[in-house]
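In what follows, a single structure is set out as structure tokens and then discussed.
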Amino acid sequence: MKLIKWTTIILSIFTLVGVFLVYQFGPVVGAQLGKPFYFFPPSAERYGKVAIEMIELNGYYASGEKWEEVKEELKNEMKIASSYENTYSFIEKALQEGGGKHSFLLTKENQQTLSAQDEMPTVTRESDVLIIRLPEHIDAAANGKQYAETVLQEIKRNADVKGAIIDLRGNSGGDMGPMITAVSPFLKDGDLLYYEYIDRDLTVQLEDGKSIGGGTQIETDISPFKLDVPVAVLIDDGTASSGEAVLMAFMGQQNTKTFGQPTAGYASANVTLPLYDNAMINVTVAYNKTLDGKIFYDNPVIPEVETDIPLEKAKKWLTE
């Protein structure tokens, strides 16, 4: 009987410890895996504190004396929050401090709006030059394959061209996977760029037409192929985030030149973490680095040819 009694006590202790650990760490650890875990709906204050813990665990700048001051200040302010929405402004302030200017909060309403904005790329041919306009792309799961194949089909159909123009003007980012796959015929397999984290570098590679380590890996029905022609890349102040990542992938290629205006200065990588109400934290965890070691942080990427007429200049360069 004593053995049964002590076994029951020990099991009860382990159960209580397990419940405490899940309560304490389930929301943050679960978010890293794609779904925060709660035993019951959190209060507004706990909801906000969990968001700050996520930022602290992931944010590029979420350490040091200034971060500690801001964190404690926000935790105190969130004690009076009466709803999840009341905490959004505090979370956004924490994101700016812990993740930098590229970090932001995406509510359910914002997500629906962004997903509805996805548009397909366009490809036109002028003489012996192929002009590929790559817009931003958000929902790779819904139409990333269509995005990539729209371009790949036209490149394959026009494989006799003497040069290509990749137009990234106005491309504010999203998922770089479909973008890289779309223009993979002009990129060499292997390393494209790096992500510089606080404690390590990770490599983004191109393999069999797919972006490995950067964005969603897109499987298409078109076999990988290459076109060895000069490539001009057009950019402007609307080129940001994953748009800048695609630009930096081309900066590591031979026979490539950039034209236009300086980019927006968001050449960094974010991780997306879900909150209890399905709002999303997008926090910067790393900065993009070119193959030759250039990191722009929050500064714009300057084109090799700064001009207000980049398309005309690019055509001239390709046909000279």
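Per-peptide packing, taken as the mean over residues of other Cβ atoms within 10 Å, places 141-151, 70-80, 48-58 in the sequence 48-58, 141-151, 70-80 from highest down. Within the shell defined by Cβ-Cβ distances under 9 Å, the residues around Thr107 carry a net charge of -2, with Lys and Arg each +1 and Asp and Glu each -1. A compact globular protein would have a Cα radius of gyration near 2.2 N^0.38 Å; the ratio found for the range 198-320 is 1.20.
If you take the alpha carbon radius of gyration of the range 112-246 and divide it by 2.2 N^0.38 Å, what ratio comes out, to two decimals?
Working: Rg = 14.2 Å, N = 135, 2.2 N^0.38 = 14.2 Å.
After normalising by residue count via 2.2 N^0.38 Å, the value is 1.00.
I'm a student and want to see the number: the projected area of the Cα convex hull of the range 45-139, averaged over all directions, in nm². Intermediate values should be presented prior to the final figure.
Values: hull surface 33.6 nm².
In nm², the orientation-averaged hull projection of the range 45-139 is 8.4.
Overall, the accessible surface of the range 228-301 at a probe of 1.4 angstrom is composed of carbon and sulfur to the extent of 44 percent.
The residues of the range 161-283 present an accessible area of 35 Å² per residue when probed at 1.4 Å with all protein chains retained.
Net charge around Met179, counting only other residues with Cβ within less than 14 Å of its Cβ (Lys, Arg = +1; Asp, Glu = -1)?
Working: positive: Arg133, Lys145, Arg169, Lys210; negative: Asp118, Glu119, Glu136, Asp139, Glu149, Asp167, Asp175, Glu244.
It works out to a net charge of -4.
Size estimate for the chain follows the Kirkwood approach: the inverse of mean 1/r over distinct Cα pairs works out to 21.5 Å. For the residues Arg200, Arg46, a 1.4 Å probe over the protein chains yields an accessible-area ranking, largest first, of Arg200, Arg46. For the range 203-246, taking Cα atoms only, Rg and Dmax work out to 12.8, 34 Å respectively.
Which of the residue pairs Lys108/Lys188; Lys101/Lys156; Lys210/Lys294; Lys188/Lys316; Lys93/Lys257; Lys49/Lys101 have a Cα-Cα distance greater than 31 Å in the structure shown?
On the way: Lys108/Lys188 38 Å; Lys101/Lys156 39 Å; Lys210/Lys294 24 Å; Lys188/Lys316 24 Å; Lys93/Lys257 38 Å; Lys49/Lys101 21 Å.
Cα-Cα > 31 Å for Lys108/Lys188; Lys101/Lys156; Lys93/Lys257; rest within.
The values are calculated or read from the model by the stated rules, or taken from the named source; none is laboratory data. As the structure is a computational prediction, the values presented were derived from the model and not from experiment. Positions of Cβ are backbone-derived with ideal geometry, glycine not excepted, and every protein chain shown enters the neighbour counts. Just so you know, the surface numbers come from the protein's heavy atoms only, side chains and all, with ligands and any DNA or RNA stripped out. Shrake-Rupley method; radii C 1.70, N 1.55, O 1.52, S 1.80 Å.
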